[in-house]
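Each remark here refers to the structure printed beneath this line.
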């Protein structure tokens, strides 16, 4: 009898890690990386922050999440600006239903702004890569969602960091926010030659099924991030394809 109890205990000990491991699987690991550089004033910042919160509460986004194999994603929210100025605002959270999404959004609304510095997209990508490497969940899909209103003007070359992320199997998608009135002291930052959307296509995005979704201005950001998150979550349910930049 004692031998049976010992055998049963050993069997349960072997099975427990497998159950925990399976519970930590998600359909997608997604880093939302939001630009809070000095070209984004207080009004633009609030529109951007509200857009993310509204997207998390959007039923179409929730339906897309629920339709996956595991019905949940791992999500973290990062703010970034200049060199060395990157911060995790909301740490890794498993989001699989309206309650978890609402809790994430509530915490985001309450969090203060992190920075007012220059624009280092390369720094944001490098920081986001580190967050993916330390994620407490496992997924075959890892995506960095970069939103911003200007070009990389601080830190390392952005394309170099993009390529490093892609080499690790990470997808980077871009949400450039267009500016009707370019900065008077540096118009090429928010309106570079060829347009900000093309800049993101050429320098920022990369990896399997990478894409750019454009917000025509900050008022349109909410709708753009909804469509972008639906596309990103839906991609997690599809076979991998080559990047389209």
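The figures follow:
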{"quantity": "Per-selection metrics, the range 29-235 (Cα): Rg and Dmax in Å", "calculated": "15.5, 49"}
{"quantity": "Ordering of 103-110, 35-42 by burial proxy (mean other Cβ atoms within 10 Å per residue, highest first)", "calculated": "35-42, 103-110"}
{"quantity": "Distance between modelled label sites at residue 66 and residue 138, nm, 7 Å Cα→Cβ extension", "calculated": "2.8 nm"}
{"quantity": "Cα-based shape type of the range 19-90, given that a ≥ b ≥ c are square roots of the gyration tensor eigenvalues and the cut on a/c is 1.5", "calculated": "oblate"}
{"quantity": "Label-point gap, in nm, between residue 156 and residue 231 - each point 7 angstrom along Cα→Cβ", "calculated": "2.7 nm"}
{"quantity": "Euclidean distance between Cα centres, the range 212-232 to the range 25-63, Å", "calculated": "9 Å"}
{"quantity": "Gain upon complete extension [residue 43, residue 107; 0.36 nm per residue less C-alpha separation]", "calculated": "21.1 nm"}
{"quantity": "Cα-projected label distance for residue 168 with residue 59, points at 7 Å along beta-carbon direction, nm", "calculated": "3.8 nm"}
{"quantity": "Computed over the range 29-235: relative contact order in percent, which uses C-alpha pairs under 8 Å that are six or more apart", "calculated": "25 percent"}
{"quantity": "Global form of the range 29-141, assessed from the alpha-carbon gyration tensor, a/c cut-off 1.5", "calculated": "oblate"}
{"quantity": "Beta bridge orientation in the range 29-235: antiparallel %, DSSP, nearest 5", "calculated": "30 percent"}
{"quantity": "Calculated FRET value between residue 116 and residue 223, using beta carbons and R₀ = 30 Å, to 0.05", "calculated": "0.70"}
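Since every read-out is calculated from the coordinates, none of them should be taken as a lab result. Being a predicted model, the structure only gives us computed values, none of them experimental. Heads up, the Cβs are rebuilt from the backbone with ideal geometry, glycines too, and the neighbour counts pull from every protein chain shown.
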